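The values are calculated or read from the model by the stated rules, or taken from the named source; none is laboratory data. From a predicted model like this one, the values you see are computed outputs, not experimental measurements. Here the Cβ is made from the backbone with ideal geometry for all residues, glycine too, and neighbour counts use every protein chain on show.
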Amino acid sequence: MKDILPSLKVELEADLVIANAENLHHGKGVSSSKITELQKAGVDFFTSGNHIWKVNEIFEYMNKETYPLIRPANYPKSVPGRGHAIIETKKGEKVMVINLIGRVFMHTHTDCPFRTAEAIIEMEAEKGWKLGDKLAAIVVDMHAEVGSEKMALGHFLDGKVSAVVGTHTHIPTADEQILPGGTAYQTDLGMTGVVNSIIGVNKTEIIENFLTQMPVRHQIAEGPTVFNALLIETDPITGLTINIKRIQKYQN
C-alpha cells in the first residue's frame, strides 16, 4: 500500500480512498498505529468486518466520532464504534460510508443488513443528508461470505446508493458493473497481500488444516504482492455511478 497508493492516488485524481482494514494488524484485527501508517500512505477512511474485535486497543479510538474507522452497522448497538459516518473529501464534498456484515456462514448474530442499510439511509435523509443533494455519494461495504447475499444487497439498494462493494473473501471477482439504477457493484474487491498464499496466509498451515481438521496458527505469507481496488466515478448531480474500473497491480 505504501509503495503503490501515493502515486496511484495522484494518477487517478482520487478524491477519497476507502480501505477495509479488518486484517491490518499482522493479519487479524486493527490497531491505531497501522491506521496511522495507511493514513500517511493516502487512505482517507476505513471500514472493517468480523475481525474488528481482535485488538482491544482500537476500541477507545472507535468510540471517537472523528476517528476514521467504522464497524458493521448491524452489530448490536452496545458494541464499540459506529456503523456509518459522513465524511468530507479533499474537495469539501460530503460522502456517507456504511459498513455492513452478512449473516450467511458468518457465524455472527447480527441484525438484517438489508433493513439496517435502509434504516440508516432513511434516518440520514430525514436530517437532510440525501444522495445528490447534500451527499455527493453513499458507499456501502458489505462484508460477507456468500456472493448471492452481496448481490442481493446491491440490487436492493440500486439507485439509492452510489456503490455496494463486497469484502471478506479476499478473492477479487470480475463482475464489476453499474446496476440498472446507477449503483456500482462488485461482489468482492479482493485484497492487498501476498499472491502466492491462501488469502494472505502461508499455504502449508492452511492445507494442513484442511487435511487434518486440526487447528493451526495462521502465519502471514511472504513474497510478491497484489494490490486490488475499485475506482468509482460518480455523477456530480445525482451521486450515482457513471464509470467504474477494477484495479489490480502486482509487485515483487
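Only one of the numbered conditions (1) over 20 Å from residue 72 (Cβ atoms); (2) of a type in the set (A, V, I, L, M, F, W, C); (3) surrounded by fewer than 19 Cβ atoms within 10 Å (Cβ to Cβ) is not met by residue 131, and that is (3).
When residues in the stretch 20-41 are screened for being touching a residue at least 40 places away in the same chain (Cβ under 8 Å) and in contact with a helix residue (DSSP H, G or I) (Cβ under 8 Å, 6 or more places away or on another chain), 2 of them pass.
Give the residue that is nearest to residue 125 (Cα to Cα), with candidates limited to residues of the stretch 176-197 that are part of a strand (DSSP E or B) and of a type in the set (A, V, I, L, M). In this case the residue turns out to be 184.
Going by the structure shown, is residue 35 modelled with pLDDT of 95 or more, under 22 Å from residue 121 (Cα atoms) and surrounded by fewer than 22 Cβ atoms within 10 Å (Cβ to Cβ)? So residue 35 does not fit the description; no. For residue 173, the conditions (1) touching a Ser or Thr at 6+ places or on another chain (Cβ under 7 Å); (2) in a strand (DSSP E or B); (3) without any contact (Cβ under 8 Å) to a residue 40 or more places away in the chain all hold with the exception of (2).
Filtered by the rule that a residue be over 15 Å from residue 18 (Cα atoms), modelled with pLDDT of 95 or more and either touching a Lys or Arg at 6+ places or on another chain (Cβ under 8 Å) or hydroxyl-bearing (Ser, Thr, Tyr) (or both), the stretch 80-117 gives 80, 81, 82, 102, 110, 112, 113, 116.
If you go through the stretch 42-67 and keep only what is in a loop (DSSP other than H, G, I, E, B), touching a residue at least 12 places away in the same chain (Cβ under 8 Å) and of a type in the set (Val, Ile, Thr), you end up with 43, 52, 55. Looking across the stretch 68-88, the residues that are surrounded by 15 or more Cβ atoms within 10 Å (Cβ to Cβ) and either assigned to a loop (DSSP other than H, G, I, E, B) or out of contact with any strand residue (DSSP E or B) (no Cβ under 8 Å at 6 or more places or on another chain) (or both) come down to 68, 70, 71, 72, 73, 74, 75, 80, 81, 82, 83.
Annotation note: Cβ proximity below 6 Å between a residue of the stretch 126-150 that is among the aliphatic types (A, V, I, L, M) and a residue that is in a helix (DSSP H, G or I) (sequence gap 6+ or interchain) occurs for 142/150; 142/153; 144/150. Being under 21 Å from residue 249 (Cβ atoms), surrounded by fewer than 17 Cβ atoms within 10 Å (Cβ to Cβ) and not acidic (Asp, Glu) holds for only one residue in 166, 159, 223, and it is 223. For the stretch 106-152, the tally of residues that are in a strand (DSSP E or B) and of a type in the set (D, E, K, R) stands at 1.
Only residues that are more than 18 Å from residue 138 (Cβ to Cβ) and touching a residue at least 12 places away in the same chain (Cβ under 8 Å) were counted in the stretch 108-125, giving 4.
Within the stretch 158-170, the residues that satisfy the criterion of being in a strand (DSSP E or B) and within 17 Å of residue 121 (Cα to Cα) are 158, 161, 163, 164, 165. Does any residue of the stretch 29-40 turn out to be small (Gly, Ala, Ser), under 13 Å from residue 143 (Cβ atoms) and part of a loop (DSSP other than H, G, I, E, B)? No: the stretch 29-40 contains no residue that is small (Gly, Ala, Ser), under 13 Å from residue 143 (Cβ atoms) and part of a loop (DSSP other than H, G, I, E, B). Taking the stretch 221-252 as the range and being assigned to a strand (DSSP E or B), closer than 21 Å to residue 92 by Cβ and of a type in the set (Ser, Thr, Tyr) as the test, the residues that pass are 234, 241. Just one residue in the set 189, 240 is under 17 Å from the mean Cα position of the chain (by Cα), in contact (Cβ under 8 Å) with a residue 40 or more places away in the chain and surrounded by 13 or more Cβ atoms within 10 Å (Cβ to Cβ); that residue is 189.
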